[in-house]
Structure formats: structure tokens, C-alpha cells
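Report on the structure given below.
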Amino acid sequence: MNALPIVLGVVAAVGVYLLAVGIVAARSSDAATLARERLARQEIGLGQSAVALKLDRPLSERLMAPLRRWLERQINRFLPAAQAEHFRRQLDFVGNPLGLDPAGVQTLRIAAAAALGAAGTALGVFIGAPVAIGLALVIGVVLGYFLPVLWLDQLVHDRRAELLANLPNALDVVAISMEAGLGLDRALEQLVRHQEGPLTLLVARALHEIELGRPRAEALEEMAELTGIEDFTSLVKGILHAERTGVPIARTITAHSAQMRVKRRLKIRTEASQASLKILLPTVGCVFPTLWLVLLGPALIAVLTIGHS
């Protein structure tokens, strides 16, 4: 068996993987990191210019930065605008895992496709059939290209489930704070101060935008749109409508929290009623055949033995 295709495939996969890791790791040293470093230096009396901060980087990083920026521009050229915006919203919602951006996600997809394609090619060469080589290569490339997207979708799903689980209690905190005499913004600040989780991160971001001068309605609507949760969107619309019409916002929030708890209770009951149907398939497909084999196996062996004799 010729080992050259295997070696070439492994080398190509490792090279693409190292390139992707380098791009993702370099994102952490971007403008935001430079700004934080500059603020930290100014706090201790060592304020420096941006040029000086860049010169503090390692030489290899400064030499690779232009190549990295050029590569990101080329990747963004092949990344559709709608898909890039979709990735950006998902990454913002889940907290930018691994420091990824839309270009980083695309790079990760290409790297995974190359790695799994090389692994599929190696498996096909090991099998030896030309059809197996082509089929394994195609399966590996397709699986690797879509695997990061599935991973990101799973992160979004988990974050939404966590947000839905914490939302009723958070709404109770906001309603109680407003009934105590606080305004909506101050009540949301109390929520951010006394609770942790994905919801408080979104609320803190919206409050920061409001403090910078953005209209409250736009900040809250974008926060609701970012979550993609229907109940959260209807909550924000209800709050804005109550604010315009003069209806007490605390009463609206309390009613929405009670409604969410009722919907959660109904969902749990529905899932519990479907448990018997879900367990029917493994019971019929796994337990019954084994039971029939144990009960009828000896009789079948006896019948076959008598027939041969």
C-alpha cells in the first residue's frame, strides 16, 4: 500500500489546522485587547501610545499580522453577507466562544473540512477500493464543513434553553424592584447586580448602549431580536407598549412571568405524556427480539436438530 497519500493528507490537515488556530488566537490581540492594555497602563501611570503598545508585541506576531489581515479579507470576500451577519448574531448571543468572528468560523469550517477529508482519504486508501477513497473523501469534507455550524447551533440552543429557564425568576426581580419605586432602567441594573447568567449579560449590554445615548426602545428590541425567543420578544413589545400607553410596567412583567410559568408547566406535562410513546420503540426493537430469542431459541435449535437427523 502506498503511504504517500496518507502522509500528504495528514500534512495538509495539520497545516490547515495550525493556520486556523493561529488566526483564532491572534484575534485575542486585536484592538479591544490593545485598548484594555492601554487603560491598564494609564491606571498605573504608565500611559503609552498605540504604537508603543504594538511594539510590545512579539516580533513574530507583528510580522504575521499583515498576512493574517489579508487572509481575513480574502475569507470575507467569499463569505456571503447574510451568512456573515447570521454568524455574527449567533456568536454575539453565545459570547464569542474561542474569540471567533464570522471569518474565524469560516476558517474553522475549511480547516475541519480539510482535516476530515484527509482522514477520509487515508481511510479509503487503507480500504484500497477507488470508490471507497472518493466516497470517504466526500463524506469527510462535507461532514467537516458543516460540523462547526452544527456546533454553533448547539451552543445557541443551549444558551436559549438556559435563558428561558432563568427568565421567569429574573422578571420577578425586575417587577419587585419596580413595585418598590425604581424605574425600569434602575430595576434592570438591580437584576444585573444581583444575578448572573446569559440574560444578565444581554441586559447589561443593552443598559450600556442606553447610557451611551441609544434610545431605550431600539436597545431593548435589538436585545430581544438577538435571543430569537418568541416569549422574550413579546415581553419587550409588551413593556414598550405599556410605557407608551401608561400601563404599569411592573404589572405587565408580572403577568408575563406567570404566563411563562404556565407554558413551562404545560410543556412538561406534554413531554411526560409522550414518554410512553418514546419508550415504545426501544422496547419493541430491543427488548422483545432478545426475549423471543431467549424463549424460542432452544426450541428452534431442537427443531433444526431433529430435521437434520
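The values are calculated or read from the model by the stated rules, or taken from the named source; none is laboratory data. These numbers were taken from a predicted model, which means no experiment stands behind them. As a convention, Cβ positions derive from the backbone with ideal geometry for all residues, glycine included, and neighbour counts pool all protein chains shown.
Output the number of the condition that Q195 fails; it satisfies all remaining conditions of (1) more than 23 Å from the chain's Cα centre (by Cα); (2) closer than 18 Å to R160 by Cβ.
Among (1) more than 23 Å from the chain's Cα centre (by Cα); (2) closer than 18 Å to R160 by Cβ, the lone unmet condition for Q195 is (1).
Given the condition in a helix (DSSP H, G or I), touching a Ser or Thr at 6+ places or on another chain (Cβ under 8 Å), without any contact (Cβ under 8 Å) to a residue 60 or more places away in the chain and surrounded by 13 or more Cβ atoms within 10 Å (Cβ to Cβ), answer yes or no: does some residue in the stretch 223-231 qualify?
Taking every residue of the stretch 223-231 in turn, at least one turns out to be in a helix (DSSP H, G or I), touching a Ser or Thr at 6+ places or on another chain (Cβ under 8 Å), without any contact (Cβ under 8 Å) to a residue 60 or more places away in the chain and surrounded by 13 or more Cβ atoms within 10 Å (Cβ to Cβ).
Can you tell me which residues in the stretch 87-135 are in contact with a Pro (Cβ under 8 Å, 6 or more places away or on another chain) and either assigned by TED's automatic domain parsing to the domain that holds I229 or polar (S, T, N, Q) (or both)?
The one that is in contact with a Pro (Cβ under 8 Å, 6 or more places away or on another chain) and either assigned by TED's automatic domain parsing to the domain that holds I229 or polar (S, T, N, Q) (or both): T121.
Tell me the residue from V141, V131 that is of a type in the set (V, I, T) and either touching a Leu at 6+ places or on another chain (Cβ under 8 Å) or in contact (Cβ under 8 Å) with a residue 12 or more places away in the chain (or both), please.
Numbers: V131 fails: either touching a Leu at 6+ places or on another chain (Cβ under 8 Å) or in contact (Cβ under 8 Å) with a residue 12 or more places away in the chain (or both).
Being of a type in the set (V, I, T) and either touching a Leu at 6+ places or on another chain (Cβ under 8 Å) or in contact (Cβ under 8 Å) with a residue 12 or more places away in the chain (or both) holds for just one of V141, V131, which is V141.
Tell me, which residue of the stretch 143-183 that is over 19 Å from the mean Cα position of the chain (by Cα) and more than 15 Å from S257 (Cβ to Cβ) is surrounded by the fewest Cβ atoms within 10 Å (Cβ to Cβ)?
Here the residue is G181.
Quick one: A206 ticks every box in (1) more than 21 Å from L182 (Cβ to Cβ); (2) modelled with pLDDT of 85 or more; (3) of a type in the set (A, V, I, L, M) except a single one, so which number is it?
(1)
To keep it simple, each residue is scored yes or no on (1) modelled with pLDDT under 80; (2) surrounded by 10 or more Cβ atoms within 10 Å (Cβ to Cβ); (3) assigned by TED's automatic domain parsing to the domain that holds D231; (4) under 41 Å from the mean Cα position of the chain (by Cα).
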| residue | (1), (2), (3), (4) |
| --- | --- |
| A258 | no, yes, yes, yes |
| V294 | no, no, no, no |
| A299 | yes, no, no, no |
| L304 | yes, yes, no, no |
| H308 | yes, no, no, no |
